[in-house]
């Protein structure tokens, strides 16, 4: 399923954490492009916050997901509801590799 902008898979899980921290948080992809991602999260993140992001993306054939590990920076964040925020980030470094076992787990790591 493609998003309105034609990139990524809305409602896909995403893991993120503050750069250098140990604890990962779970979010949901709203829109994905080659330069960044818009996702929904419970945390409110301020602009310029450095993050690490993990997610699964299609490999181009739609058959085998690839794992992305990215360094990113928050561009903006706004409260969407009382419980969650929409967070827009720009990738600064991207590493792409095969998913560990896409048939065993839908989690993006």
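The values are calculated or read from the model by the stated rules, or taken from the named source; none is laboratory data. Everything quoted here is computed from the prediction, not taken from an experiment. Backbone-built Cβ (ideal geometry, glycine too); neighbour counts: all protein chains shown.
When the stretch 43-85 is examined, which residues are found to be without any contact (Cβ under 8 Å) to a residue 12 or more places away in the chain and part of a strand (DSSP E or B)?
Correct list: 78 only.
Name the residues in the stretch 58-77 that are surrounded by fewer than 12 Cβ atoms within 10 Å (Cβ to Cβ) and either within 17 Å of residue 11 (Cβ to Cβ) or at pLDDT 95 or above (or both), would you?
Matches in the stretch 58-77: 62 only.
Taking the stretch 29-57 on its own, how many of its residues are surrounded by 15 or more Cβ atoms within 10 Å (Cβ to Cβ) and either within 11 Å of the chain's Cα centre (by Cα) or under 15 Å from residue 95 (Cα atoms) (or both)?
17
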